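S.K.: Questions regarding the structure given below will be posed in turn.
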């Protein structure tokens, strides 16, 4: 339901990511489209052009700057439910600045699995976000994380209800038609919550709704 960086670059949902040796079939290099996509996912947050992180699920979402306060507002309940260790991780980033996983583990003297899980939870709660790639002496570079509030001017946040409606409007305008399950899957919401928001928009005349095989489908 959401536009993808890959599709914006390649012009297709078909993923052709590798150039391979004609004889052996072995990987040689990224295709030009994949090379661009791979770089931009790290360059966009580093240059302050987009907020990037696992903010809607266990996949990297790219959020336009104008929508950052909205996703922060919607995640308020998650922030209230953070565990003591998750808060400790956030405090470590607050004190150290942008930090990669190995550095964070050293600061906290904690195991990789525990720290990685906390970082994902903090991204879902819109406490942490990607800040850019840090090159390593060996292997791939590592993505550093920083506080959302330090990287993005949030101002006065809207209510969670108002933010949900605006995000639903945004997704509706990018999709031809969607169900509550589609919206929930895209933004990491429960289906019931997504259905309630879409029904609000329909009742306000901002969305059309029809039924297909017993499933409500919404469109602008």
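The values are calculated or read from the model by the stated rules, or taken from the named source; none is laboratory data. Values in this document were obtained by computation on a predicted structure and should not be read as measured data. A quick note on method: Cβ atoms are made from the backbone with ideal geometry, for glycine too, and the neighbour counts reach across all protein chains shown.
S.K.: So residue 60 ticks every box in (1) closer than 13 Å to residue 187 by Cβ; (2) surrounded by 15 or more Cβ atoms within 10 Å (Cβ to Cβ); (3) modelled with pLDDT under 95 but one. Which box is left unticked?
M.R.: Evaluating residue 60 over (1) closer than 13 Å to residue 187 by Cβ; (2) surrounded by 15 or more Cβ atoms within 10 Å (Cβ to Cβ); (3) modelled with pLDDT under 95 leaves (1) as the failure.
S.K.: Given the criteria surrounded by fewer than 19 Cβ atoms within 10 Å (Cβ to Cβ), closer than 20 Å to residue 78 by Cα and in the same structural domain as residue 100 (by TED's automatic domain parsing), does residue 146 qualify?
M.R.: Taking the combined requirement at face value, the residue does not satisfy it.
S.K.: If you don't mind, there's one more thing I want to ask. Regarding the stretch 32-42, can at least one residue be identified that is in contact (Cβ under 8 Å) with a residue 60 or more places away in the chain and out of contact with any helix residue (DSSP H, G or I) (no Cβ under 7 Å at 6 or more places or on another chain)?
M.R.: Yes, that holds for at least one residue.
S.K.: A further question on this structure: Of the residues 132, 155, which is closer than 21 Å to residue 78 by Cβ and at pLDDT below 95?
M.R.: Exactly one residue qualifies, and that residue is 155.
S.K.: So, one more: Answer yes if at least one residue in the stretch 72-87 is in contact (Cβ under 8 Å) with a residue 40 or more places away in the chain, in contact with a strand residue (DSSP E or B) (Cβ under 7 Å, 6 or more places away or on another chain) and either in the same structural domain as residue 167 (by TED's automatic domain parsing) or within 20 Å of residue 153 (Cα to Cα) (or both), and no otherwise.
M.R.: No, that holds for no residue.
S.K.: Taking residue 183, is it at pLDDT 95 or above, in contact with a strand residue (DSSP E or B) (Cβ under 9 Å, 6 or more places away or on another chain) and assigned to a helix (DSSP H, G or I)?
M.R.: Answer is yes for this residue.
S.K.: Quick check on this structure: which one of 117, 125, 130, 96 is in contact with a strand residue (DSSP E or B) (Cβ under 9 Å, 6 or more places away or on another chain) and assigned by TED's automatic domain parsing to the domain that holds residue 75?
M.R.: The match here is 130.
S.K.: Being in contact with a helix residue (DSSP H, G or I) (Cβ under 6 Å, 6 or more places away or on another chain) and either surrounded by 16 or more Cβ atoms within 10 Å (Cβ to Cβ) or at positive phi (or both) is true for just one of 154, 167, 172. Which residue is that?
M.R.: Exactly one of 154, 167, 172 is in contact with a helix residue (DSSP H, G or I) (Cβ under 6 Å, 6 or more places away or on another chain) and either surrounded by 16 or more Cβ atoms within 10 Å (Cβ to Cβ) or at positive phi (or both), namely 167.
S.K.: So which of 116, 146 ends up being assigned to a strand (DSSP E or B) and modelled with pLDDT of 95 or more?
M.R.: 146
S.K.: Next up: Whether any residue in the stretch 31-46 is assigned by TED's automatic domain parsing to the domain that holds residue 126, loosely packed, with under 11 Cβ neighbours inside 10 Å and under 21 Å from the mean Cα position of the chain (by Cα) is what I want to check.
M.R.: No, every residue in the stretch 31-46 fails to be assigned by TED's automatic domain parsing to the domain that holds residue 126, loosely packed, with under 11 Cβ neighbours inside 10 Å and under 21 Å from the mean Cα position of the chain (by Cα).
S.K.: Right, here's the next one. What residue, among those in the stretch 208-220 that are touching a helix residue (DSSP H, G or I) at 6+ places or on another chain (Cβ under 6 Å) and within 16 Å of residue 1 (Cα to Cα), is modelled with the highest pLDDT?
M.R.: Across the stretch 208-220, the extreme among qualifying residues is 218.
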